[in-house]
Each structure stands twice: as C-alpha cells, then as structure tokens.
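Here the structure comes first, spelled out in structure tokens, and everything after it is commentary.
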Amino acid sequence: MSSPQPARELGSRAVSEIPRSTIPRGMLVLWTWRIAIPQSVIHGDIMNIIQDAKKLRTRINSVAKRAGTIQNDIQEVLASGGWHYRQHGDNSLLTMAVNKMPDGYRKDRMTGWVAENFQCKWDNENNRFKKAKVSTFLTDPFDSEKYLDVVKNAWYNFEIETKSNAWMLVKMLEKATRELDKNLPEAKKQVVAAYGAMQAFDAKLVEVGFGKELTKVA
C-alpha cells in the first residue's frame, strides 16, 4: 500500500491523479473544500469564505468588537506620540504611528487630527509631520484628558477637508462653538478678551455681507 501524499504535493496535482484511498479522510475533505472555494493569501495570512451563517454572525461580532478596540488603541498611540512631541520636540513617533498603518486605513483622518491637536503639518511629499511655523503646543500644558477623549475628540471622527469645503464660514463658527463647549473652564477665563474679538468679527461679518455703508449705520 502506497504511503499518503504530503499536503504540499496534494495542492499541486489534480484530484483524478491521486487515488482517494491513499488520502486521509480529513485531508480529503479539507482539500476538496479548498479546491471548490479558492483562498486568498494577504501578507502571509490565509482568508477563507465562511459559508456557515451562524459562524459568520459570530465572526462579524468578533471583528466589529476588535475594530472598536483598535480605533481606541490608535487614539492611545497618537496621544502618546503627541506627549513625546511636547516633551522632546520630536514628532517622529507621530509620523511612525501614521506610516505603520495599513494603506487606506483612514490615514487622512489621523494626519488631520494630529495636525489640529498637536499643531504640526503633514508633509504629503515626504510622508512625515513637520513643525508648524507658529505653534503654542510645545509650551502649553499637555492636556492628556482632551487627547484621549474618544467621545468628543476621536481621531476617527475628524472631519476631512476637501476642495469643496476647505473653508466654510458656517463650519468654522460651528467648530468654534464645539471647542468652546469642550473647554468651558478655560473659556471663562478668556471671555472678556474674546468679547472684543467677537465684536470685531461681527462688524467684519456685516461689512462682508452688506457693505461698509450698513456697517457705519450699525
């Protein structure tokens, strides 16, 4: 009786060429199933089509749970990279956190979130963060609570600017209002100074919308 064929040989030969009696039953079932539904190999990992509905539901729940966890893990490493930048003036770990993510994994949201929170610029040509010319982040106290807050300040909820909405007055004002709500204790200290700036902005808004004549009347 001939010995069973090694698994690596089975994958390269047609079914008709190998006597079924020489193939262990479990291997035959697995091999036949793999022939019927080809596998995809991505980065060394084998993916299969899950045909059983019950198993698929379980898999969906598992993946969804892990997806939520990984988003929070990313928030943690981005915030930690921001802390390193604040302490040492080195944003290379923020660059690493973005570049190590798989292609297409919402890197635009990551770079936008980092740029806004840690006041640095993303260099698309060189795929790295650069220090902003004007920034108070490196001298201001580091607000870890704000940067780790996935309810009010999650990286994955960051609004991406496109050519059509790169600058919109309404969105700018709405964003300012949200920032005010998020930073009420600090905002209370700045109300008096901010009120004068608000009046100047209000006058400019009237001027832009209705002309200088109406501004003089007002």
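The values are calculated or read from the model by the stated rules, or taken from the named source; none is laboratory data. All figures in this text were calculated on a predicted structure; none of them were measured in a lab. Cβ sites come from the backbone with ideal geometry, for glycine too, and all protein chains shown count toward neighbours.
Points worth noting:
- Pair list, Cβ under 6 Å, 6 or more apart: the range 84-111 residue under 17 Å from Phe137 (Cβ atoms), other residue outside any helix (DSSP H, G or I) and of a type in the set (D, E, K, R): Thr95/Arg128
- Of all residue pairs spaced 6 or more apart or on separate chains, those with beta-carbon atoms under 7 Å, a first member in the range 123-146 that is more than 21 Å from Lys182 (Cβ to Cβ) and a second member that is at pLDDT 90 or above and of a type in the set (Val, Ile, Thr) are Arg128/Thr95; Phe129/Thr95; Phe129/Val114.
- Evaluation of Ala193 against the conditions (1) modelled with pLDDT under 85; (2) within 26 Å of Asn72 (Cα to Cα) shows that the sole unmet condition is (2).
- Ser92 meets the conditions (1) within 16 Å of the chain's Cα centre (by Cα); (2) small (Gly, Ala, Ser); (3) modelled with pLDDT of 95 or more in every case but one. The failed one is (1).
- Cβ pairs under 7 Å, 6+ apart, first in the range 161-183 and of a type outside the set (D, E, K, R), second modelled with pLDDT of 80 or more and loosely packed, with under 10 Cβ neighbours inside 10 Å: none
- Verdict on Ala97 being surrounded by 15 or more Cβ atoms within 10 Å (Cβ to Cβ), among the small types (Gly, Ala, Ser) and either at positive phi or modelled with pLDDT of 85 or more (or both): yes
- Taken over the range 120-130, the criterion of being touching a strand residue (DSSP E or B) at 6+ places or on another chain (Cβ under 7 Å) and surrounded by fewer than 14 Cβ atoms within 10 Å (Cβ to Cβ) is satisfied by Asp123, Lys130.
- Residue match in the range 51-60 (condition: in a helix (DSSP H, G or I), touching a residue at least 12 places away in the same chain (Cβ under 8 Å), of a type outside the set (Asp, Glu) and at negative phi): no
- Scanning the range 102-144 for residues that are of a type in the set (Phe, Trp, Tyr) and under 14 Å from Ser92 (Cβ atoms) yields Phe118, Trp122, Phe129.
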